[in-house]
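Asker: Let me begin by handing over the structure; questions about it come next.
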Amino acid sequence: MIKLDYKTKEQLIKLGEEKHLFLEGEILKNIDSESDIQFESYIKKCIERYDKMLQDDVNDKEKIKKQNQELKRIQEEIERVNEELLTSLKDAEEAKKTAEDDLDLLQKKNQYEMINNIVYGALTVIIGIGIVTTLLYIFAILVGKETQIIGSTWSNLLGILLTNAFSIVGTIMGVKYGNEKNENQSTSK
């Protein structure tokens, strides 16, 4: 046991009363109060404060432990939500790409249908005019009418129609080739 002189005891008590500074720790159990009631009261007060401080530390540690558990749970939840967001983002990007591909395919289909309609229409007109002109020429020959004007007109008309037919087909093929070339360049980027 540690024995303190009267002056030291008095200074410790005064320090506790005036500045609220007290001894703490395991040393309190080893100080002999020597039946000094005032110093014994001081030691009891020190022990009570120290025990309260230890209990507060335990409570704080439990509180911190609970907070850490809650933070860990929140972090796990955030990670789970982030994973879901990344998955959703991937799905959205895939859906966007699919929609763009479908739109591109639909535009190409519409272009090809339009080209087919133009070709069929142009060929129908060309063939129709060619047939009508040929029938008129044949009719003029059979009836015995002058066919020199009709023949040259028929020849010129068939030449023009044939030229226009090739022009239409060439234009359509150029458009088709240009679209394919643009698609290859855009996919290679």
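Asker: For the range 103-154, what size does the Cα cloud have along each of its three principal axes, sorted from largest down, in whole Å?
Answerer: 60, 15, 6 Å, listed from the longest principal axis down.
Asker: Taking R0 as 22 Å, what FRET efficiency do you get between Y177 and N116 from their Cβ-Cβ distance, rounded to the nearest 0.05?
Answerer: With a Förster radius of 22 Å, E is 0.85.
Asker: Still on this structure, I have one more. Using a Gaussian network for the chain with springs between C-alpha atoms less than 10 Å apart, which of these wobbles most: K109, K19, K44?
Answerer: K19
Asker: Pull out a ≥ b ≥ c, the square roots of the eigenvalues of the alpha-carbon gyration tensor of the range 1-57, then state rounded if a/c is under 1.5, prolate if not and a/b is larger than b/c, and oblate in the remaining case.
Answerer: Cα axes put the range 1-57 in the oblate bin.
Asker: Whole Å is fine, so just give me how far the alpha carbon centre of the range 120-145 lies from that of the range 53-96.
Answerer: That distance is 85 Å.
Asker: Helix 148-188 versus the longest principal axis of the chain: what angle, 0 to 90°, nearest 10, using Cα atoms?
Answerer: Around 10 degrees separate the two axes.
Asker: Right, here's the next one. One-quarter of the Cα convex hull surface for the range 2-188, in nm²?
Answerer: The directionally averaged projection comes out at 22.6 nm².
Asker: Between S167 and S155, 0.36 nm times their residue separation minus their Cα-Cα distance comes to what?
Answerer: Fully extending the segment from S167 to S155 adds 2.5 nm.
Only the coordinates and a few stated rules stand behind these numbers; no lab work does. Note that this is a predicted model, so its numbers are computed, not measured. Cβ sites come from the backbone with ideal geometry, for glycine too, and all protein chains shown count toward neighbours.
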